[in-house]
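Visitor: I have a structure I would like to understand better, so I am pasting it below and will then ask my questions one at a time.
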Amino acid sequence: MKLVVCIKQVPKVTELPWDEKTGTLRRDLASGMMNPACKHALEAALQIKENHNASITVITMGPPAAEEMLREALAMGADEAILICDWLLAGSDTFATSLVLKEAIKKQCPKFDLILCGAYTADSETAQVGPQLAEELDLPAAAYVEKMEITGKTLRVRRLVDNFRETLEMEFPALVTVSMENYKPRYTSLAGLENAFDQKDVSVLDAKSLGLSSSSIEQKGSRTRVRKVFLRKAQKGNVVLQGAASNVVHEFLDRYQRKIGTVIGKSIEEKKQHDDK
Amino acid sequence: MLINPCPKHKLIRDSVRSFAETELAPIAAEIDRKAVFPREIIEKMRPLNFFGLQAPREFGGAALDSVSAAIVVEELSRVCAAIGLCVTVHNGVALYPFMKFAGKDQKNEYLPKLTSGEFIGAFSLTEANAGSDSASVETTAVKRNNEYVLNGTKIFVTNGGVCDIALIFALTGFEPGKPQSSVFIVESKSPGFLRGELEDLCGMRANPVSSLFLEDCCVPEQNVLGNIGDGMKIGLATLDNGRIGVAAQALGIAQGAYEAAVKYAKERQQFKKPIASLQTIQNYIADMATEITAGRLLLYRACSLKDGGAPFGCEASMAKLYCSTVASKVTSLAVQIHGGYGYSKEYDVERYFRDAKVTEIYEGTSEIQRMVIARTILSQLTF
C-alpha cells in the first residue's frame, strides 16, 4: 500500500507580525514546527504502515527551512520525503497550493492508495487544501477523520461533524484529512533523528520540474488576495452590579440574557417570567 | 566548530523538549518532594534511546554526536534535573568507559543492556576518604582463583539505589611509590553487593543516590574493565567526559530557571507595572541570558573538540566550572526575581535553586576544575 502524507511547517508561536504590504505572515520571524494536525495525519499513516505493510511519502511545499520538518517525519518513520521549494510559489493560496501538490503527487507517487492531510493548520486554519486536493485529483474524500479501518480496498472512516459522528466508506484511491481527536503522534527516537539526517535523503522539486512556469502559476495560481489582516481585540472590563440580590439578578439578566447560551437562557427566562407573576 | 544550531541539533532539542514538557514537567516537583525515582517514565524513555545516546548503532545506541548528547541532557535538566542526572551519569560515566575501554566480549555482553536501558549504570569512585583525591581509594580487590574479591564502601553513588551495573574503582596492588587501582564491572545481583539507604540530599532528590557496600563481593576476572592497573587512566578519561555532561546539566537548570524568571517578571505587577519594566530586573535578565549563552558556547566547544578526536579535558573542565557557576548564580537570581514566591515550593525556581548547587561539587568540584585548567595551561611549553 502506498500512502502520501501532505504536511506543512507552521510558526511555533500563535501570534506573528505580518507584512502590511502583502498581508502575509512574517514566518521568518519564528522557528517552524510540523503543523500539529499534519503530525496526527502522519501518525495515522504510521499506524496504517504498521498494520498493512505500507510505504509513506511525505510531501510539503515551503521554504528551504521546511526540510527540517521533513527530516522529523523521516525520523518518525516516513520512507521518502519531498520538498517543493521555489520562490515562484511563495505566497500561494490554498487553491494554488493544492494545484502544486497535485502535480507533485502525479509526478512522484502516481500509484498512491491514500493521501492523508492534517484537517487544518495552526497558522491560517482554512482547512481547505485537503478537500481542494481531493477535488483536483477527483478522489473520494472525507475531512475531519478521527478513526480509520482498512479492509482490502475499502476505507471506513469515522468523523465528527458538528455534534454528531458519522461513518463513511470509500474505495481507494482516496483522501482523508485527519483531526486531532485520536492518532496522538509518537515521540521521535533519538536514533531515528540521527538516521534521518545521516542516512536519508530529501528530494527537492522546483516549479519547473513540476511543469509549472511562472505564467501558468500566474494564470492558474492564487485566486484569493489577502486584503486585510487584523487582530481581533477582546475587550475586558469588570462590571460590578450592586444592590439587593433580586435587583442584581434582574439587572444581570437584562444586560446579559441574550449572551447566555440558548438552553440556559430559556430556563432563566422562564424562571424570571414565573417570578414576575 | 558549531556556532549556530544546525537543523539536526534544533530538531533534537525540540523533540527532547517536547518529551520533557509532556512527560517530566507534570511530575518533576512531586518526585522531588517525595524523593522517588519515576520508573514508569524511565520505561517511556528507553525506546527513545535516552540510555544509549552516543553508543554505536550496532549495539542499539543512537550514535549521536557530542553536541546532540549535550542538548539531550540540557533539555531534560531544563525541566527535571534529577532525570537529567540519571541520564548523564548512565551515558557519560558508565556507558562511555564501556565504549572506550571494554573488550569485545564485555561490549557484546553489556552494551546492548546498557544502551536499551535494561541496565542502569553507575560509576563508583568516591569514598569517605577519597573525594577530590581519587588516588586515596581504600576499596580493595584481591585475586582469588578466577575471580576478584572486592571489599569496601562507596558513597554518594548517583543512580546507586537503582543501578543494575556499577563500575567500581578498587586498589589492586602497589606500583613503585603509588597505589595501583583498577576498574571492575560489578552487577548488582553479585553476591556481596549491597546498597545503603538513599541519601537525603538538598537537590536532585528524585535521583536515588546511595552508598554501595562491597562485602567479599566476587567478580569474575573477565570483568576487569581495560587492564589491571588502568584505574587512574579510565577514571580521568571518564571524568573528562562526565564533566561535559554536568556542564550540560547545569546549563539546562540555568535555562529552566531563567525562562521561569523572564515569564514571571513579565507577569508580576508591582507599582502598577510588570517588574520586567524595572531596570534592575532587566539587568538581571540581561546578565542571565548573556552568561547562559557564553556557557553554552564553551560547552559546545568542548563537545566539538571531543568529536574531532582532540584533547578536550581542559575545555570540559572550563565548561563544567563556568556552567555550574552560572547555574548557581542564575537560579539564585531567578529566586530573587520571584521574591517571596521564589522561596516557596509552589514555584519551580525553588527546586532549580537547590538542584544547581551540586553541579559545583560533583564530577570534580569547582576548585578541582581550576586545578585541572591551570595545570593544563602551565604545562604548555609556549603561549
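Visitor: Counting helices only, and only those DSSP H runs with n ≥ 4, report the 222 nm mean residue ellipticity of chain B as the sum of -39,500 (n - 2.57) divided by its residues, in deg cm²/dmol to the nearest 500.
Guide: Value at 222 nm, helices only, nearest 500: -16000 deg cm²/dmol.
Visitor: In chain B, how does Rg compare with the Kirkwood Rh, expressed as the Rg/Rh ratio over alpha carbon atoms?
Guide: 0.98
Visitor: Kindly work out what percent of the DSSP beta bridges joining two residues of the protein assembly as shown are antiparallel, to the nearest 5.
Guide: That works out to approximately 60 percent antiparallel.
Visitor: If you don't mind, there's one more thing I want to ask. Given R₀ = 25 Å, FRET efficiency for B:Arg268-B:Ser18 by Cβ-Cβ distance, to 0.05?
Guide: For R0 = 25 Å, the calculated efficiency reads 0.35.
Visitor: Once the other residues with Cβ under 14 Å from the Cβ of B:Ile275 are scored (Lys, Arg +1; Asp, Glu -1), what is the net sum?
Guide: Neighbourhood net charge equals +4.
Visitor: Note down, for the stretch B:233-379, the three equivalent ellipsoid semi-axes (square root of 5 times each alpha carbon gyration tensor eigenvalue), biggest first, whole angstrom.
Guide: Numbers: eigenvalues 222, 41, 26 Å².
After scaling each eigenvalue by five and taking roots: 33, 14, 11 Å.
Visitor: Another one. From the square roots a ≥ b ≥ c of the eigenvalues of the alpha-carbon gyration tensor of the stretch B:121-228, which class results: rounded (a/c under 1.5), prolate (a/b over b/c), or oblate?
Guide: Oblate, since a/c reaches 1.5 and b/c is not below a/b.
Visitor: Is there a quick way to get the dipole size of the protein assembly as shown? I mean about its Cα centre, with the Cβ of Lys and Arg at +1 and of Asp and Glu at -1; what is the value in debye to the nearest 20?
Guide: Value, rounded to 20: 1620 debye.
Visitor: Now, a different point. Between B:Thr293 and B:Tyr343, what FRET efficiency comes out of the Förster formula 1/(1 + (r/R0)^6) with R0 = 35 Å and r the beta carbon distance, rounded to 0.05?
Guide: 0.80
Visitor: Rounded, prolate or oblate: which one fits the stretch A:2-220, using the alpha carbon gyration tensor with axes a ≥ b ≥ c (rounded when a/c is under 1.5, else prolate when a/b beats b/c, else oblate)?
Guide: Working: a/c = 1.35, a/b = 1.25, b/c = 1.08.
Rounded is the answer for the stretch A:2-220, as its axis ratio a/c remains below 1.5.
Visitor: Principal axis extents for the protein assembly as shown, Cα atoms only, whole Å, descending order, please.
Guide: Taking max minus min along each principal axis of the Cα atoms, the protein assembly as shown gives 96, 73, 55 Å.
Visitor: So, R0 is 56 Å and r is the distance between the beta-carbons of B:Lys143 and A:Val204; what FRET efficiency does that work out to, to 0.05?
Guide: E(calc), rounded to 0.05, equals 0.35.
Visitor: Could I ask something else about it? Cα centroids of the stretch B:193-254 and the stretch A:237-260: how far apart, whole angstrom?
Guide: Centre-to-centre (Cα) distance: 67 Å.
Visitor: Consider a paramagnetic label point 7 Å from the Cα of B:Gln336 along Cα→Cβ; state which residues of the stretch B:268-306 have an amide N under 11 Å from it.
Guide: The answer is B:280-285, B:287-288.
Visitor: Test of understanding: ordering B:Phe98, B:Phe50, A:Phe164, B:Phe37 by Cβ neighbours within 10 Å, fewest first, what list do you get? All intermediate terms of the calculation are to be shown ahead of the outcome.
Guide: Numbers: B:Phe98 22, B:Phe50 25, A:Phe164 7, B:Phe37 19.
Ascending number of Cβ neighbours within 10 Å: A:Phe164, B:Phe37, B:Phe98, B:Phe50.
Visitor: Grab the Cα-Cα distance for B:Ile361 and B:Glu118, subtract it from 0.36 nm times how many residues apart they are, and report the gain in nm with one decimal.
Guide: Details: separation 243, 0.36 × 243 = 87.48 nm, distance 2.91 nm.
Residue separation times 0.36 nm, minus the Cα-Cα distance, leaves 84.6 nm.
Visitor: Let me ask something additional. Which whole-angstrom value gives the distance between the alpha carbon centres of the stretch A:160-220 and the stretch B:165-190?
Guide: With the stretch A:160-220 and the stretch B:165-190 each reduced to a Cα centre, they are spaced 56 Å.
Visitor: Taking the alpha-carbon distance from B:Lys107 and a cut-off under 24 Å, which lysines remain once sequence neighbours fewer than 8 residues away in the same chain are dropped?
Guide: Excluding near neighbours in sequence, the set is B:Lys143, B:Lys189, B:Lys233, B:Lys306.
Visitor: Turning to a different aspect of this structure: With each label point set 7 Å from Cα along the Cα-Cβ vector, what nm distance links B:Phe174 and A:Phe164?
Guide: Each label point lies 7 Å from its Cα, and together they span 9.2 nm.
Visitor: When the Debye formula is applied to the Cα atoms of the stretch B:269-350, each taken as the same point scatterer, what base-10 log of I(q)/I(0) results at q = 0.11, 0.15 Å⁻¹?
Guide: -0.42, -0.65
Visitor: Under the rule a/c < 1.5 gives rounded, and otherwise a/b versus b/c splits prolate from oblate, where does the stretch B:198-243 land using the Cα gyration tensor?
Guide: Verdict is oblate for the stretch B:198-243.
Taken together, the values in this text are just the output of simple stated rules run on the coordinates, not laboratory data. Here the structure is a predicted model, which means the values were calculated and not measured. Reconstructed Cβ throughout: ideal geometry from the backbone, glycine too, with neighbour counts over all protein chains shown.
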